[in-house]
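What follows is a set of notes on a single structure, which appears directly below.
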Amino acid sequence: MHKRKKIVVKIGSSLLAHSENLTLRYAFMNGLMSDFAQLQKDGYDIILTSSGSVALGLNMVGKRPDEAGILDKQAAAACGQPLLMNAYRQIASEHNMDVAQILVTAEDMEVRRRFLNIKNTMTRLFESGILPVINENDSIATHDLRVGDNDRLSAKVAQMVEADLLIILTSVDGLYDRDPSEADAEFIHEVEDVSSHLESTTGISELGSGGMLTKMQAANMAQHAGVETLIANGIIERPVSSLLNNERRHTRCLVTGKTASPLQIWLGNRLQVAGTLVIPNAVATSVAAGECGIGRQDVLSIQGSFTKGDVLHVYDEDGREVARGLTNFSSEEVMLMARHIDMAVEEVIGYKTRSDIIGSENVLVLADNHLQIDAPDQDQKMVIPV
């Protein structure tokens with residue numbers, strides 16, 4: 001029996017909703033579901049990462065996209081999500097398909113236990129031939145706790161299910177070297193190093209929360225999970241199968257280098273920063289070489305309020321992000337242990353442990369082409385006195 005291939009498909013608000021009256025594009029949704037139905041018969045398991053709930057609900061709360069605040073958008077999401085799922089359910093049923101809704105928050109994707117629970121749910125849905133439709137739970141997400149865009153969420157989902165392919169459907173044919181409205185803009189068919197194209201990806205759509213920048217960030221996350229990404233126009237007949245058959249223009253973001261283990265992939269691809277550590281350059285060199293973890297004596301400063309099991313971003317003294325790793329202690333415990341290295345650990349935190357702050361087995365050293373996150377400003381850090 002052949003293994004079924006897994007595809008994650010992301011569609012944005014601009015494809016789902018008319019920009020003027022903020023109503024659903026039923027013709028697009030029907031074409032998409034028809035394509036999905038045939039692909040399921042052809043041996044594909046598909047996950048749909050779908051935006052659209054906020055855009056569809058804005059009419060009900062009496063706001064336009066350019067004037068809606070966070071509370072307006074939360075209320076709009078609560079109004080729009082049932083409309084969106086009802087449309088998916090009705091259209092899918094016309095093609096003899098069943099759909100399921102999964103709403104997530106950034107924390108669901110960052111906490112390892114929740115991450116695995118969502119993966120298990122989707123695996124069970126696949127076994128029953130049901131199409132999962134996943135979206136951020138915008139009705140409860142605040143600015144600080146949001147994933148922020150469904151492009152990167154789709155990459156996390158692709159990582160989660162170990163997908164064969166991530167397809168991001170948008171309102172343009174793919175990536176250009178500059179704004180595609182410029183006459184001399186050149187189309188880019190293939191990308192190896194995502195970071196070299198970030199300067200040409202500014203701007204966001206009227207309805208969505210992301211633009212080509214977040215699509216490139218998503219592609220980079222997928223690359224390091226061993227997943228190729230295709231970026232293409234969605235307003236076309238057979239929007240997915242035509243890409244699989246290489247029938248139309250698109251941008252392909254290649255997988256480069258050796259794919260890490262599932263745990264390392266999860267460590268490396270973050271949607272949010274739980275906290276940071278700054279360590280001496282000499283220690284950073286040893287960590288990058290895989291020679292050691294990070295002990296309490298190595299911590300120069302910390303930032304953020306984190307708990308045991310969170311993933312921390314590790315920087316050297318020059319502000320370069322060198323690694324990400326799973327912390328064995330909370331931010332309060334790290335601060336206390338680093339400030340009192342002359343005292344036994346059990347005297348400082350109240351229990352015995354031989355653990356490093358981050359053990360060497362739970363460190364991912366960032367590759368050169370891994371998009372890094374800038375170090376926080378100095379005034380955001382808790383500096384450990386010498």
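The values are calculated or read from the model by the stated rules, or taken from the named source; none is laboratory data. Every value quoted in this text rests on a predicted model; they were computed, and no experiment measured them. For neighbour counting, all protein chains shown are included, and Cβ atoms are generated from backbone atoms with ideal geometry for every residue, glycine included.
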Quick one: which of I188, I235, I167, I231 is surrounded by fewer than 23 Cβ atoms within 10 Å (Cβ to Cβ) and modelled with pLDDT of 90 or more?
I188
With the condition kept exactly as written, say whether any residue in the stretch 355-365 is outside any helix (DSSP H, G or I), at pLDDT below 90 and over 14 Å from I279 (Cβ atoms).
yes
Some residue of the stretch 100-112 being in a loop (DSSP other than H, G, I, E, B), in contact with a helix residue (DSSP H, G or I) (Cβ under 7 Å, 6 or more places away or on another chain) and within 30 Å of V311 (Cβ to Cβ):
yes
Can you name the residue in the stretch 104-118 that is in contact (Cβ under 8 Å) with a residue 60 or more places away in the chain and under 11 Å from V157 (Cα atoms) and is also surrounded by the most Cβ atoms within 10 Å (Cβ to Cβ) among such residues?
M109
Quick one: V133 ticks every box in (1) surrounded by 19 or more Cβ atoms within 10 Å (Cβ to Cβ); (2) of a type in the set (V, I, T); (3) not in a strand (DSSP E or B) bar one, so which box is it?
(3)
Can you find a residue that is of a type in the set (A, V, I, L, M), touching a residue at least 24 places away in the same chain (Cβ under 8 Å), crowded, with 20+ Cβ neighbours inside 10 Å and out of contact with any Gly (no Cβ under 6 Å at 6 or more places or on another chain) anywhere in the stretch 255-262?
no
Filtered residues of the stretch 40-67 (kept if surrounded by fewer than 22 Cβ atoms within 10 Å (Cβ to Cβ) and part of a helix (DSSP H, G or I)):
Q40, K41, N59, M60, V61
